[in-house]
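Structure record follows, encoded as structure tokens.
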Amino acid sequence: MSSGLQRRRVGNTASASSTSLSGGGAQSTTPATASSPRPPSPDSSVYHSESFAGENGHRIAFDPRDMQEGDERAKQPRLTLMEEVLLMGLKDKQGYLSFWNDNISYALRGCIVLELAFRGRISMQRDPARRRLPLSDRLIEVIDERLTGEVLLDEALKLMKSSEKMSVAAWIDLMSGETWNLMKIGYQLKQVRERLAKGLVDKGILRTEKRNFLLFDMATHPVSDNGAKDEIRRRTISILTARTVVLNASPLVPEDVPFRYLRTVAMVCAAYAANVLENTLSTLSHDARDRAFGRVDELLGDFSQWPFTAKPGGGSGGIGINLAQEISDELNANKDKELQVEAVAAALSVFTKLDSIL
């Protein structure tokens with residue numbers, strides 16, 4: 001069984017493709033949902049500096065945003081979903097992605113929507129009439145415009161805040177550059193993979209090297225911290241192969257991170273959509289890999305609907321018998337975030353509109 005996926009040709013949509021680490025999504029043929037020009041995106045919020053008295057009595061000025069961002073980051077994983085998926089796809093020593101991977105650009109834009117929803121920045125629009133529409137066509141809205149401190153997330157957040165409300169599918173398409181509407185071209189996020197790789201260099205996970213490919217030189221990013229990738233591999237294998245899924249707290253995903261189990265399911269499904277999951281499962285036997293791919297198909301089906309359809313007892317073969325209950329407990333502990341989780345399900349439903357390469 002192969003983990004490769006392609007965009008299903010529905011209507012005028014087509015596969016987003018790119019062939020280098022620094023490439024963005026290619027232009028395609030998804031019809032635009034609106035035709036207004038891209039509004040200006042500067043952050044217009046006004047903040048006032050504050051101060052407090054230090055030990056020596058002198059007043060010390062500070063920006064309240066620094067305090068807010070510090071508290072926010074303490075409750076978030078060290079790596080974003082986009083960074084985890086990119087890291088899963090990178091060759092450890094060579095430091096670049098497969099040149100034949102046409103799926104990762106689109107999947108990474110989906111991860112941006114997932115991450116913003118998990119961080120409480122966006123949610124499904126609170127409109128009872130939305131249930132008449134397919135999940136991926138329901139409108140999302142910004143509910144918290146505070147910056148996250150992650151450049152790509154903040155860029156996407158500003159775009160969503162300054163534009164008309166659009167669906168999850170529309171936003172992923174636009175950020176991938178899949179539109180013929182010239183007024184919407186400006187919504188495309190450029191050089192996503194290269195920017196993510198540089199962010200991982202800043203976090204000490206990767207390093208930068210220059211590599212010659214006969215006709216040209218290219219910056220590559222070999223793995224320098226194997227512990228981070230090993231931890232991602234352990235979580236992935238636990239979700240897809242263990243009878244009882246146990247996600248131990250780690251420096252990458254501390255114990256108090258919200259939705260730890262659901263985040264891991266979303267990461268695995270995104271890696272499957274990005275055609276990089278097989279890299280993480282390379283240590284398994286052939287039969288075990290086949291079972292793992294069957295399990296991720298089940299997860300994608302169960303969690304791309306709202307409400308989720310996963311039932312206690314696990315998947316085929318008795319894999320993950322506790323997973324549905326763990327995620328149910330996470331939802332019960334965050335009842336006020338149901339619209340955010342619905343946006344997560346919508347993003348995963350976009351991944352289901354991809355056909356496996358046989």
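Each reported figure results from applying straightforward, stated rules to the coordinates on display, with no laboratory input. None of the values given here were measured: they were computed from a predicted structure. Methodologically, a virtual Cβ is constructed for each residue, glycine included, from the backbone with ideal geometry; neighbour enumeration extends over all protein chains shown.
In summary, the lysines within cross-link reach of K91, defined as a Cα separation below 25 angstrom excluding same-chain residues under 8 places away, comprise K190, K198, K203, K210, K229. Across the alpha-carbon set of the stretch 220-293, the Rg to Rh ratio works out to 0.96, Rh being the Kirkwood radius.
Extension gain, F216-W180: 0.36 nm per intervening residue step, less the Cα-Cα distance, totals 9.8 nm.
Judged by the mean number of other Cβ atoms found within 10 Å, the most tightly packed of the peptides 108-116, 128-136, 160-168 leads the ranking 108-116, 160-168, 128-136. Shape annotation for the stretch 125-225: C-alpha extents along the principal axes are 55, 31, 23 Å, from largest to smallest.
Neighbour counts of other Cβ atoms within 10 Å put F99, F216, F293, F351 in the fewest-to-most order F216, F99, F293, F351. Take the alpha carbon gyration tensor of the stretch 77-144, find the square roots of its eigenvalues, order them as a ≥ b ≥ c, and report rounded if a/c is under 1.5; if not, report prolate when a/b exceeds b/c, else oblate. Because a/c hits 1.5 or more and a/b fails to exceed b/c, the stretch 77-144 counts as oblate. The Cα-based radius of gyration and maximum Cα-Cα distance (Dmax) for the stretch 204-358 are 17.2, 56 Å.
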